[in-house]
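Below is one structure, written out as structure tokens, with a few remarks after it.
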Amino acid sequence: QVQLAESGGGLVQAGGSLRLSCVASGRALSMYNIGWFRQAPGKARQFVAAIHWSGDSTYYGESVKGRCAISRDSAENTVYLRIDNLEFEDTAIYYCGADDRRGWVPWADEYAYWGQGTQVTVSS
């Protein structure tokens, strides 16, 4: 079983950038499809980005497309999420999820394993 831990959140000014990390322990991250989601107060969890276990395919939510990049460092057992041109609406708790089951849908909020989340606050 894999354990996930997110980090890198904090207070950022609008227009700035940040890079979040999702570090895995227990098993290699390269065995899993990894997704990033976020949840703002009073709202449902929203898909941000995902990467296939092979590293060959990436997926992005409409709200971040064009200013977001997901990447993986297998040696560090870490998946990164970088978001540029941050907007106030990006304020949320960001979670990473891992899934190794058949029929994985990147944007479906149904990952088998989740981290505890990291808070991102964008000041306008």
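Listed conditions (1) over 18 Å from Gln3 (Cα atoms); (2) crowded, with 20+ Cβ neighbours inside 10 Å are all met by Gly103, apart from (2).
Of all the listed residues (Trp36, Trp53), the sole one being open to solvent by 50 Å² or more (accessible area, probe 1.4 Å) and within 19 Å of Ala5 (Cα to Cα) is Trp53.
The set of residues in region 62-75 that are in contact (Cβ under 8 Å) with a residue 40 or more places away in the chain and surrounded by 18 or more Cβ atoms within 10 Å (Cβ to Cβ) contains only Arg72.
Comparison of Thr78, Thr58 shows that the only residue that is open to solvent by less than 30 Å² (accessible area, probe 1.4 Å) and either free of Cβ contacts under 8 Å to residues at least 60 places away in the same chain or in contact with a Cys (Cβ under 8 Å, 6 or more places away or on another chain) (or both) is Thr78. The condition of being farther than 15 Å from Val120 by Cα and not polar (S, T, N, Q) holds for only one of Arg38, Arg45, Arg72, that being Arg72.
The values are calculated or read from the model by the stated rules, or taken from the named source; none is laboratory data. These figures come from a predicted structure and were not determined experimentally. Ideal geometry is used to build each Cβ from the backbone, glycine not excepted, and the neighbour counts take in all protein chains shown. Accessible surface is based on the protein model in full, side chains and every heavy atom, while ligands, DNA and RNA are left aside. Shrake-Rupley method; radii C 1.70, N 1.55, O 1.52, S 1.80 Å.
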